[in-house]
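Single-structure report; data block below.
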Amino acid sequence: MSHTESSDKKTTATLTIDGAQVTVPVGATILEAAAELGIKIPTLCWLKKVSTTGACRVCVVKVEGVERFMTACNTPVKDGITVTTTSPELESARKKTLELMLVNHPLDCPICDAAGECDLQDTCYGLHVDKNKYGAELERMPIRYDWKLLESDPNRCILCEKCVKVCREVVGREAIEIVDRGDRTIIDTITGEPLDCDFCGNCINACPTGTLISKPFKFRGRPWTFEVTKSVCAFCSSGCEIEYHAGNGRVERVTSSDDGFNKGNLCINGRFGYAAFNSSGRVTNPMIKDASGYQQKATWEQALGVAAGKLKQIISAAGPDSVAGIGSPRVTNEENYLFQKFLRGAIGTNNIDSEARLGFFPAQVIQYEMLGYSGGTYPMNAIEKASAIIVVGSDLKGESAGFAYRVIQAATKNDAKLIFANSRVTSLNKFANAFLQCRPGSEAWLVAGLNKAIIAEGGMATTFIEKSTKGLDTLKTSLNALSFEQITAATGVSEATLRSAAGMAVNGGRTAVIYGADVIRSVDMASAVKGVVNLALLTGAVGEEGAGIYPLDEKNNTQGMLDMGVCPEYLPGYHTCGAKGDVFGAAWNCTIPGTVGKDLFEIVEGIEKGEIKALYVMGSDPLQFMPDRPRVLKALQKLELLIVQDLFLTETAKLATVVMPAATAAEKAGSFTSVDNRVQCFNRAVAPSGQARTDADILVKLYSMVAPVAAVSAQNTEALHHEITSLTGLYTETCDHDGCRMGRVKSRVAFSTRPAAFVAVEPADIAALDQGYPFSLTVGPVLHHNGSMTLWSDNNMSVSGQSFLGINPADAAKAGINDGTMAKVSSLCGSVSLPAQLSGNVQPGALFVPAHFRELQVGQLLKGSANMVAVKLEKA
């Protein structure tokens, strides 16, 4: 085709629908064109986020000059056509279609959970289908009661295929399909075995009838009787928009609208994890440890009185630095702000940190130094438009499923080249164009090799690099000192494989880079993160034409927690005490300590030395997340005062002098910041359970009791937001949501004031494994849980109720271990026994254990920040 012919090719089409003209892009359907005019055509099988089938034929329209009616949902427009969407003939055809559907459809609306939300019911009502001239002898098919979390009644199914397509095209699974033929056609598992899937429930959301329903919600109430509150998911870092359905003081269901940012797509935690909020394990009364060491129920006045009184005694005797605090990635931005303000303003110490110390915080310090900002470059929907995606060290569904869904869309709908660089095979590997499987612990070498290969192949984003970066020669010099032979020896990935992947890395010029726990908590974290950020610069991912860089964390508000200053190095907004301490002190009517406080590990050491005598833990369980558990336990037992503010009686809370029951995300208002730097506000859906209070309410009261002169002045949400905005410089007042005004402002993305910096990459030598400990054990997140919170959810536990040891079948055979039998793994720090799960996804010489399960106490195997440790394996 000549250049003239190509440029003359039309990109739009103009047609007439019901007498009105409309111009739409070529490839649009008649249904989409009608929507542009505000004309609604009835549908049952159409769903915007998946491919069309035209299966239900309810959307038929008349196209002038075409003898038969056409389905509007999958008929592309043509220039000049005339379409009629309503006429007596069309109404008759649609009614007949519905009547035929109803021949085998049970009229059990009075007991169907979908009643009031049923698209079939609404469509029949809208088309006045009040009688049926067709009939048949009903043959009831068995209902699938044996599926976990979901129930499937094939008798209600209209074979629209939306559930099948959502499972395949959105979630990336093929757990359900159309099986059998003729009048026996149903949606089921291919094998007929019980459902084994992600249990995300997105198929329930897509179902237009009551075929697929939520088991936990069954008979909990009629949909219209619940109060629905829009909110933000409180589990992973994707920041999905949700809706709480509440009744009788409880959250009974969670849904998500297809019109929202996440297009109605949730994971198991977002849709079913709410059961944790209703858990019988909730702490609903304050408790105080008595003289005998037993925790007894107390009033709020007693609990707050003991906490404030003992804090003041300890400060008076040993000074403010004898107190420390551990914050939470679970609570709101506002509560994290108040927590650090309490420690710095009321107590007078910078001894404050969180679990982000184990990886996410130091990783973001490196990213900030190189790029000028932390967290994601753009909202994560930019990933869908990527032409190439590099995922390093992450099981996307296990860490942040919303990112996984975006990657699947880019790979399947935008033909993006997908490069996975990881030590483990994950469920998304089937979408990968290249899989660089490295040895556990060699992530820094792997990204160095990919950097070297991109430069060698000439695949760099030259224009972006020349315009917006500095230090490329520094990187090149450091990479010249590394040979591909060294890189292959360290990682197990060949030069040819690296070069092949490098050729895809800048495919189409719009690259996204995503990195997760196996980078952020790798043995050589600093080198690995530097290498990943260098990748983002080499490929132009962080430039205006790129699709962004995205560091992942498992928890919902880790980014927001750090923005709010829950770390010893920075005040809110990443200001140092030296630079802005006076400004914050003046605003808070106090003196901010000028020295950097103790970090997480130094806090433990400080307790051991007797320097720290009181610890305030908010929404966190150090005995669960910290490595070297026996050491941490011994330290906590030494404290004069341990205050724990939490939803549950965690292992740490069981040791507390004072336990203060906190409210869940559904029981409070505030904002969360997802790792792609979206700040989202939400309102309270239900009242706190029992005597629980919001973390903010507790902090404000405690502040007034410990430091009445400097008591918190911002008593309402709007005033607090104004204070945060004015002091941090992170936010603007552009987002207004029921009094919650916060909008994330990226300090720099275009690199116009300060160029992004390449840095040298010098991966550390990989120590040879001790012959006595020949396996590399990785501890990390898995699909069906989020942190330890979902262990309190009966829904999640019904799917994944126990931990396991992931082991390659060859290694299991050598050790005499069978699938399901008990295996023992031991490190230099401790040992645990757990059932073996044989899987080819784990490479020989490697082992994997989920990080979530409290009873297993897997933290006793680890030492330091790394999520990997050398272990020995034996039959238990």
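The values are calculated or read from the model by the stated rules, or taken from the named source; none is laboratory data. Just so we're clear, the structure is a prediction, and the values are computed from it rather than from any experiment. Cβ coordinates were reconstructed from backbone atoms using ideal geometry, including for glycine residues, and neighbour counts include every protein chain displayed. Please note that ligands, DNA and RNA were not included when accessible areas were found on the heavy atoms of the full protein model with its side chains. Shrake-Rupley method; radii C 1.70, N 1.55, O 1.52, S 1.80 Å.
Structure notes:
- Positions within region 501-527 being closer than 18 Å to residue 402 by Cα, small (Gly, Ala, Ser) and touching a strand residue (DSSP E or B) at 6+ places or on another chain (Cβ under 6 Å), in sequence order: 512, 517
- The residues of region 562-589 that are surrounded by fewer than 21 Cβ atoms within 10 Å (Cβ to Cβ) and not in a helix (DSSP H, G or I), listed by number, are 569, 573, 575, 576, 589.
- Selection within region 201-223 - closer than 11 Å to residue 114 by Cα and touching a helix residue (DSSP H, G or I) at 6+ places or on another chain (Cβ under 6 Å): 207, 208, 209, 210, 211, 212, 214
- Strands (runs of 3 or more DSSP E) lying entirely in region 772-876 (those with 1 or more residues that are open to solvent by 40 Å² or more (accessible area, probe 1.4 Å) and in contact (Cβ under 8 Å) with a residue 40 or more places away in the chain): 822-826, 831-838, 868-875
- Residue 196, sole failed condition from (1) open to solvent by 20 Å² or more (accessible area, probe 1.4 Å); (2) in contact with a His (Cβ under 8 Å, 6 or more places away or on another chain); (3) farther than 25 Å from residue 669 by Cα: (2)
- Among the conditions (1) under 28 Å from residue 262 (Cβ atoms); (2) open to solvent by less than 70 Å² (accessible area, probe 1.4 Å), the only one that residue 40 does not satisfy is (2).
- Residue 114 meets the conditions (1) crowded, with 19+ Cβ neighbours inside 10 Å; (2) more than 21 Å from residue 212 (Cα to Cα) in every case but one. The failed one is (2).
For every residue, the table says whether it meets (1) buried (at least 24 other Cβ atoms within 10 Å of the Cβ); (2) at pLDDT below 95; (3) of a type in the set (Val, Ile, Thr); (4) touching a Leu at 6+ places or on another chain (Cβ under 6 Å).
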site: 556; (1), (2), (3), (4): yes, no, no, no
site: 560; (1), (2), (3), (4): yes, no, no, no
site: 591; (1), (2), (3), (4): no, yes, yes, no
site: 598; (1), (2), (3), (4): no, no, no, no
site: 602; (1), (2), (3), (4): no, no, no, no
site: 606; (1), (2), (3), (4): no, no, no, no
site: 616; (1), (2), (3), (4): yes, no, no, no
site: 637; (1), (2), (3), (4): no, no, no, no
site: 640; (1), (2), (3), (4): no, no, no, no
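- The set of residues in region 354-367 that are out of contact with any Lys or Arg (no Cβ under 7 Å at 6 or more places or on another chain) and either at pLDDT below 95 or open to solvent by less than 20 Å² (accessible area, probe 1.4 Å) (or both) comprises 354, 356, 360, 361, 363, 364, 367.
- Taken together, 235, 217 contain a single residue that is open to solvent by less than 10 Å² (accessible area, probe 1.4 Å), under 17 Å from residue 153 (Cβ atoms), in contact (Cβ under 8 Å) with a residue 40 or more places away in the chain and of a type outside the set (Gly, Ala, Ser), which is 217.
- Extreme residue, surrounded by the fewest Cβ atoms within 10 Å (Cβ to Cβ), among residues of region 689-710 that are assigned to a helix (DSSP H, G or I), touching a residue at least 24 places away in the same chain (Cβ under 8 Å) and among the small types (Gly, Ala, Ser): 710
- Failed item in (1) assigned to a helix (DSSP H, G or I); (2) open to solvent by less than 40 Å² (accessible area, probe 1.4 Å); (3) touching a residue at least 40 places away in the same chain (Cβ under 8 Å), with residue 309 passing the rest: (3)
- Close pairs (8 angstrom Cβ cut-off, 6 or more residues apart or separate chains): farther than 14 Å from residue 225 by Cβ and acidic (Asp, Glu) in region 244-261, open to solvent by 10 Å² or more (accessible area, probe 1.4 Å) and not in a loop (DSSP other than H, G, I, E, B) anywhere: 258/205
- Filter result (of a type in the set (A, V, I, L, M) and in contact with an Asp or Glu (Cβ under 7 Å, 6 or more places away or on another chain)) within region 516-556: 517, 519, 528, 552
- Between 483, 423, 500, 494, the distinction of being at pLDDT 95 or above, among the hydroxyl-bearing types (Ser, Thr, Tyr) and within 22 Å of residue 398 (Cα to Cα) belongs to 423 only.
- Sole residue being in contact with a helix residue (DSSP H, G or I) (Cβ under 9 Å, 6 or more places away or on another chain), open to solvent by less than 20 Å² (accessible area, probe 1.4 Å) and more than 28 Å from residue 255 (Cα to Cα), chosen from 675, 686, 658: 658
- Top-ranked residue of region 117-149 - restricted to ones that are more than 24 Å from residue 196 (Cα to Cα) and aliphatic (A, V, I, L, M), ranked as most open to solvent (accessible area, probe 1.4 Å): 138
- Condition met for residue 183 (in contact (Cβ under 8 Å) with a residue 40 or more places away in the chain, surrounded by fewer than 16 Cβ atoms within 10 Å (Cβ to Cβ) and either of a type in the set (D, E, K, R) or not in a loop (DSSP other than H, G, I, E, B) (or both)): yes
- Residues within region 842-873 that are within 21 Å of residue 818 (Cα to Cα) and modelled with pLDDT of 95 or more, tallied: 12
- Subset of region 82-108 (residues that are open to solvent by 50 Å² or more (accessible area, probe 1.4 Å) and at pLDDT below 90): 104, 107
- The set of residues in region 120-141 being under 36 Å from the mean Cα position of the chain (by Cα) and over 20 Å from residue 92 (Cβ atoms) consists of 121 alone.
- Of residues in region 375-414 being hydroxyl-bearing (Ser, Thr, Tyr) and open to solvent by less than 10 Å² (accessible area, probe 1.4 Å), the one nearest to residue 573 (Cα to Cα): 377
- Boolean, residue 221 is at pLDDT below 95 and in contact with a strand residue (DSSP E or B) (Cβ under 9 Å, 6 or more places away or on another chain): yes
- Subset of region 400-422 that is assigned to a helix (DSSP H, G or I) and β-branched (Val, Ile, Thr) - its residue that is farthest from the chain's Cα centre (by Cα): 412
- Sole residue being touching a strand residue (DSSP E or B) at 6+ places or on another chain (Cβ under 9 Å) and at pLDDT 95 or above, chosen from 186, 204: 204
- Filtering 494, 500 for residues that are open to solvent by 20 Å² or more (accessible area, probe 1.4 Å), hydroxyl-bearing (Ser, Thr, Tyr) and without any contact (Cβ under 8 Å) to a residue 24 or more places away in the chain leaves a single hit, 494.
- For region 722-732, a residue qualifies if it is modelled with pLDDT of 85 or more and either open to solvent by less than 20 Å² (accessible area, probe 1.4 Å) or under 16 Å from residue 560 (Cβ atoms) (or both), and the qualifying residues are 723, 724, 725, 727, 728, 729, 730.
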